Amino acid sequence: MALQQTKFTLTEDRIPRAWYNINADLPAPLAPPLNPVTKEPARPEDFAPLFPMALVGQEMSTEREIEIPEPVLQAYTMYRPSPLFRAHRLEAALDSPAKIFYKYEGGSPAGSHKPNTAIPQAYFNKQEGVTRLTTETGAGQWGTALAMAGAMFGLEVMIYQVRASYDAKPGRRNHMKMYGANVVASPSNLTAYGRAVLAETPDTPGSLGIAISEGVEDAATRDDTRYCLGSVLNHVLMHQTVIGQEAMQQMELAGEDPDIIVACAGGGSNFAGLAFPFIGRKLRGEADYRFIAAEPSAAPSLTRGVYAYDYGDTGKMAPIVKMHTLGHDFVPDPIHAGGLRYHGMSPQVSLLKEHGVIEAVAVPQSKTFDAARTFTRTELALPAPEPAHAIAVVMDEVEKARQAGTSPTILFNMCGHGHFDASSYTRYLEGELEDFELPEERIEHALETVPSV
């Protein structure tokens, strides 16, 4: 196999100066978020106990571009622009008729794309006098990024890590602690909601919905504290669009334009980061692409959930939003792609799926790890289990192209490295990995709790 690897890089002055806000181009307006208590449309002040007003303004904005503050741009230069690679060796191994490119976000200090939003969230909180942040984390990528941003801006950070990932990934929690963050397994005894869950199900593996409730409760009960979210909400996805904007420039350097754009999706931030700038082009009639969101078969909100108003957390403290959901009480099986174990999906991504702008594919766990092994042996970078879902879909699209006699150009987001996923890969290599195909009756049971609004 050839050793060739083509890398497309940009200089620091090519980092985008503004985030792209897809609210300006959506095919229909988003349904308004609802106050979880009154169930009436939320007002900006309803978000004040959780978020600084600068982020609330971004959440509700319909301006196409939001300027990136200079201190955030300076922080981005630690690891941005991130490289784009042509996957020659993977193409050769697959005898691919398609050209394959990937945007590599694993070079940030936290090892993933998550600092793209952690840095501005910490910055805007610091600007408004907040001294302490709370959050949840699944696989640990988001928690690591916020811990890093907290250290950067001198903020205390409290992280509720989903129990299944806390136990499986000691390296991740130690990385967070090295940044100075406090990390506990969720559900915990530190919050009223955590204690209630433990009393009812002491052996629960936890879920992002439960951990979000703990983070929200913690923030809402302290004046010095605000809550940060790593995905789902509009402002979070907007911060990630630096990925896609850079990728557009790099594809131009490569003399190519993608036909198919793929990324994994749990809450939506990774998918949105790469895809939204390209989706904007499509919605404005400037170009045409196919977009595929790859999700786990064990938490298939886009492919098997309902499009309805639901709580963003299990404890019903976060705003109610219209999204694809499996029900806020849904607790996914403890799969190794912990960052994708969420019951719902971003309202923006959900609306795009509902309008047929994007597609979604559910991928079983064993298939994602098979794809990760092929990628590692060819491109030599070890992917986190989350982007391995996208790699599996890319490999499927290569086979479809072969059968159809076409030669598309495919772009996907390699959103983080798998250096802290050793236990997951150990189970895979030892043949102990299980597939969790979600029974329909579990979905039906969880959807019984979706609020009638």
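Annotations for the structure displayed:
- Comparing Cα centroids, segment 183-260 and segment 68-103 end up 23 angstrom apart.
- Net charge over other residues, Cβ less than 14 angstrom from the Cβ of P170 (K, R count +1; D, E count -1): +3
- The chain: Lys pairs at Cα distance under 18 angstrom, eight or more positions apart or on different chains: 12
- Between C264 and A294, A390, N413, the built amide H atoms are under 5 Å apart, and every one of these is 5 or more places off in sequence or on another chain.
- Using only the C-alpha atoms, the convex hull of segment 321-453 corresponds to 144 Å³ per residue.
- Segment 166-290, Cα convex hull volume normalised per residue, Å³: 165 Å³
- Derived scalar couplings between HN and Hα for segment 312-319 equal x, 9, 6, x, 6, 9, 7, x Hz in order, rounded to whole Hz, by the Karplus curve 6.51 cos²θ - 1.76 cosθ + 1.60 (θ = phi - 60°), x for Gly and Pro.
- Database remark: amide H of F291 closer than 5 angstrom to the amide H of I261, E359 (H placed geometrically; neighbours at sequence offset of 5 or more, or on other chains; Pro and chain starts carry no H).
- Cα gyration tensor category, rounded, prolate or oblate, for segment 97-213 with a/c compared to 1.5: oblate
- Loop-located trypsin sites (Lys or Arg not before Pro) in segment 1-105 (DSSP state other than H, G, I, E, B) with a sparse environment of at most 16 neighbouring Cβ atoms within 10 Å: R17, K39, R64.
- Relative contact order (%) - criterion: Cα under 8 Å, at least six apart; region: segment 174-289: 18 percent
Computed from the coordinates by the stated procedures, all read-outs in this text should not be read as laboratory data. If you're wondering where the values come from, they're calculated on a predicted model, not measured in any experiment. Glycine gets a Cβ as well: all are built from the backbone with ideal geometry, and neighbour counts include every protein chain shown.
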